[in-house]
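The values are calculated or read from the model by the stated rules, or taken from the named source; none is laboratory data. All figures in this text were calculated on a predicted structure; none of them were measured in a lab. Here the Cβ is made from the backbone with ideal geometry for all residues, glycine too, and neighbour counts use every protein chain on show. Only protein heavy atoms, including side chains, enter the accessible area calculation; ligands, DNA and RNA are left aside. Shrake-Rupley method; radii C 1.70, N 1.55, O 1.52, S 1.80 Å.
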Amino acid sequence: MERTFTALKPDAIKRGLMGEIIKRIENKGYKIIGMKLMNVPEELAKKHYEEHLGKPFYERLIRYITSGPVLAMVLEGENVISGLRHIVGKTSPDDAEAGSIRADLCMTKEYNIIHASDCPISAKREIELWFNENELCSNYKTALEILMGI
Ligand code: GDP
């Protein structure tokens, strides 16, 4: 079972899209094992996006991610890192496949509404950056799984 990090960016919260996006994640079958709504401190935003330091959009990206609440989550599931990226879609909503979150729910590349870790190394780094292990509720089971002794 794999874990990944995802964050709904401020526009998703301000536009009331949390439920819609969470529904897509849950319908796929991924388990949400960590979740917190937070105002992101600038220091955390800078660490999260450190690979983009120096790029033309970097300052605006930091301003955006610190401009309102972000819903940070850790998900668990089979191949969840690449699977979630597939559901999220390409960085620009214009390139993202119809049916993906970015294609369906946002208009601009710079102010897209969701982040998802792009590889196992990023997922590990980002989960550790945003969450303490004791904030994660791993291994919870459905009633059926308990009944079947899985
Ligand atoms: P992601 O993994 O698909 O989110 O893409 P990246 O890690 O490359 O970029 C992080 C975030 O920076 C993206 O989600 C966008 O919000 C923003 N971004 C990335 N590339 C560009 C770009 O070329 N122009 C602008 N304006 N914003 C960008």
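Miscellaneous remarks
- Residue-averaged 222 nm ellipticity for the chain, from DSSP H runs of 4+ at -39500 (n - 2.57), nearest 500: -10500 deg cm²/dmol
- The GluC sites (Glu not before Pro) of segment 51-150 that DSSP puts in a loop, and whose beta carbon has at most 11 other beta carbons within 10 Å, are E78, E110.
- Segment 2-148 - accessible surface per residue (Å², probe 1.4 Å): 55 Å²
- Residue-span extension gain [E97 to E78] - 0.36 nm each, minus C-alpha spacing: 4.7 nm
- Evaluating kT/(6 pi eta Rh) at 20 °C and 1.002 mPa s, with the Kirkwood radius of the chain over Cα pairs in the Stokes-Einstein relation, gives 135 µm² s⁻¹.
- Expressed as a whole percent, the accessible surface of segment 15-123 that belongs to carbon and sulfur atoms is 51, based on a 1.4 Å probe.
- J(HN,Hα) series, segment 76-86, from Karplus relation 6.51 cos²θ - 1.76 cosθ + 1.60, nearest Hz, glycine and proline x: 10, x, 6, 6, 5, 5, 6, x, 5, 4, 5
- In terms of its alpha-carbon gyration tensor, segment 9-48 comes out oblate; a/c meets the 1.5 threshold, while b/c is at least as large as a/b.
- Charge dipole (the chain, unit charges on Cβ, about Cα centre) - positive-most of A123, A7, C106: C106
- Close amide H contacts of E2 (hydrogens built in the peptide plane, cut-off under 5 Å, sequence separation of 5 or more or a different chain): G77, E78, N79, V80.
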